[in-house]
Amino acid sequence: MLRNVAAVLLDGVNPFELGVVCEVFGVDRSDDGLPVYDFAVASADGPAVRTINGFSLQVAHGLERLETADLIAVPAGAAYTSREFPPGMLDALRRGVDRGARVLSVCSGVFVLAAAGLLDGRRAAAHWKHAEELTRQYPHLTVEPDVLYVDEDPVITSAGTAAGIDACLHLVRKEQGPEVANRIARRMVVPPHRDGGQAQYIERPLPVSGGDTVSGVLVWMERHLDEETTVEQLAARAHMSPRTFARRFQQETGTTPYRWILRQRVLLAQHLLEATDETVDAVAGRTGFGNAAALRHHFVRAVGTTPHAYRRTFRGPQAA
């Protein structure tokens with residue numbers, strides 16, 4: 001059970017990545033009926049910890065605080081790609097995993113877990129900028145350079161910055177259910193769920209011109225989500241062969257036409273469930289899923305909860 005959470009710091013800690021862990025697990029949201037975690041920050045470098053941004057933190061706990069944690073989080077820090085880590089810190093992480101605790105890294109915190117040997121034989125997420133260096137230093141792990149996070153229970157790794165939010169909410173969803181995770185996300189004003197396999201970034205997020213790109217097709221697709229279409233039809237609209245269109249689409253959006261339109265349909269369904277009183281059947285029709293069963297299937301896979309539960313979470317128990 002996820003009740004006791006500790007974040008372990010070194011000099012040079014990145015405040016944002018630390019803040020991600022504090023925001024998910026360190027805020028008392030009992031007024032909303034959400035769980036309260038026994039959260040603490042621990043230092044492996046003494047009570048005064050300098051941040052990468054030039055200010056210092058006073059930390060009340062040392063490494064002994066990790067001994068009782070159900071989850072030990074390791075946020076990013078300065079020079080984590082090249083520095084030596086305190087043996088006591090690495091030992092504490094290993095002991096935690098041995099007794100059944102989980103460990104979670106945010107961005108370059110993955111180098112700490114790798115140095116502890118906790119990623120040997122496992123897959124790991126890493127910021128795309130650090131993926132090559134992580135592979136070079138630790139050849140016994142498999143780096144997934146394009147994903148947001150990887151759950152190799154009991155070891156969870158996440159890519160840069162905001163992907164740490166996704167990994168933390170994923171763990172909450174896994175341990176305490178989608179309703180709790182969605183309500184925490186709502187309080188944080190972040191998406192309730194982004195799949196770990198989602199691309200970290202898009203190589204060409206915006207077409208540089210309106211010429212030989214798929215930009216016009218994207219606009220058409222978004223306006224016709226309720227219509228069935230094929231790659232061949234989309235390619236014809238873009239005046240390309242299906243193979244060229246599929247390749248160009250991947251380059252410009254970071255995903256396939258099928259996954260793109262599926263994601264847009266789910267996003268539209270979320271909006272309609274939050275903002276309208278339309279029935280789930282009507283939402284399914286407007287979003288191109290056709291029927292409530294198909295909408296439910298894809299919605300659960302993408303969001304982690306059913307359309308009815310999602311609506312109740314965001315509009316209250318009275319919502320149908």
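What the table shows:
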| read-out | value |
| --- | --- |
| Criterion: in contact with a Leu (Cβ under 9 Å, 6 or more places away or on another chain) and free of Cβ contacts under 8 Å to residues at least 24 places away in the same chain - qualifying residue of 282, 269, 294, 302 | 282 |
| Evaluation of residue 129 against (1) modelled with pLDDT under 95; (2) assigned to a strand (DSSP E or B); (3) among the basic types (Lys, Arg) (one fails), failing number | (2) |
| Subset of segment 1-10 that is open to solvent by less than 40 Å² (accessible area, probe 1.4 Å) and not in a strand (DSSP E or B) - its residue that is nearest to residue 111 (Cα to Cα) | 10 |
| From 190, 172, residue being modelled with pLDDT of 85 or more, among the aliphatic types (A, V, I, L, M) and on the phi < 0 side of the Ramachandran plot | 172 |
| So residue 98, is it closer than 30 Å to residue 183 by Cα, surrounded by fewer than 13 Cβ atoms within 10 Å (Cβ to Cβ) and either not small (Gly, Ala, Ser) or not assigned by the TED database to the domain that holds residue 177 (or both) | no |
| Given (1) at pLDDT 85 or above; (2) more than 21 Å from the chain's Cα centre (by Cα), number of the condition residue 315 does not satisfy | (1) |
| Residue match in segment 103-111 (condition: assigned by the TED database to the domain that holds residue 14, in contact (Cβ under 8 Å) with a residue 24 or more places away in the chain and either part of a loop (DSSP other than H, G, I, E, B) or open to solvent by 60 Å² or more (accessible area, probe 1.4 Å) (or both)) | no |
| Residues of segment 18-53 satisfying the condition of being surrounded by fewer than 18 Cβ atoms within 10 Å (Cβ to Cβ) and β-branched (Val, Ile, Thr) | 27, 36, 52 |
| Filtered residues of segment 56-81 (kept if without any contact (Cβ under 8 Å) to a residue 12 or more places away in the chain and assigned to a loop (DSSP other than H, G, I, E, B)) | none |
| Boolean, residue 166 is within 21 Å of residue 23 (Cβ to Cβ) and free of Cβ contacts under 8 Å to residues at least 40 places away in the same chain | yes |
| Among the candidates 222, 232, 228, 278, residue that is in a loop (DSSP other than H, G, I, E, B) and open to solvent by 70 Å² or more (accessible area, probe 1.4 Å) | 228 |
| In segment 123-145, residue nearest to the chain's Cα centre (by Cα) [restricted to those that are closer than 24 Å to residue 18 by Cβ and among the charged types (D, E, K, R)] | 144 |
| Residues located in segment 235-274, provided they are of a type in the set (Ser, Thr, Tyr), assigned to a helix (DSSP H, G or I) and either loosely packed, with under 15 Cβ neighbours inside 10 Å or on the phi > 0 side of the Ramachandran plot (or both) | 244, 258 |
| Test set (1) surrounded by fewer than 17 Cβ atoms within 10 Å (Cβ to Cβ); (2) of a type in the set (Ser, Thr, Tyr); (3) over 25 Å from residue 182 (Cα atoms) - residue 213 fails condition number | (1) |
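Results for (1) open to solvent by less than 50 Å² (accessible area, probe 1.4 Å); (2) of a type outside the set (S, T, N, Q); (3) at pLDDT 85 or above; (4) in a helix (DSSP H, G or I), shown as yes or no for each residue.
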| site | (1), (2), (3), (4) |
| --- | --- |
| 157 | yes, no, yes, no |
| 161 | no, no, no, no |
| 180 | yes, yes, yes, yes |
| 186 | no, yes, yes, yes |
| 203 | no, yes, no, no |
| 209 | no, no, no, no |
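The values are calculated or read from the model by the stated rules, or taken from the named source; none is laboratory data. Predicted model only: the values in this text are computed from it and were never measured. Reconstructed Cβ throughout: ideal geometry from the backbone, glycine too, with neighbour counts over all protein chains shown. Keep in mind that these areas ignore ligands, DNA and RNA; they rest on the heavy atoms of the full protein, side chains included. Shrake-Rupley method; radii C 1.70, N 1.55, O 1.52, S 1.80 Å.
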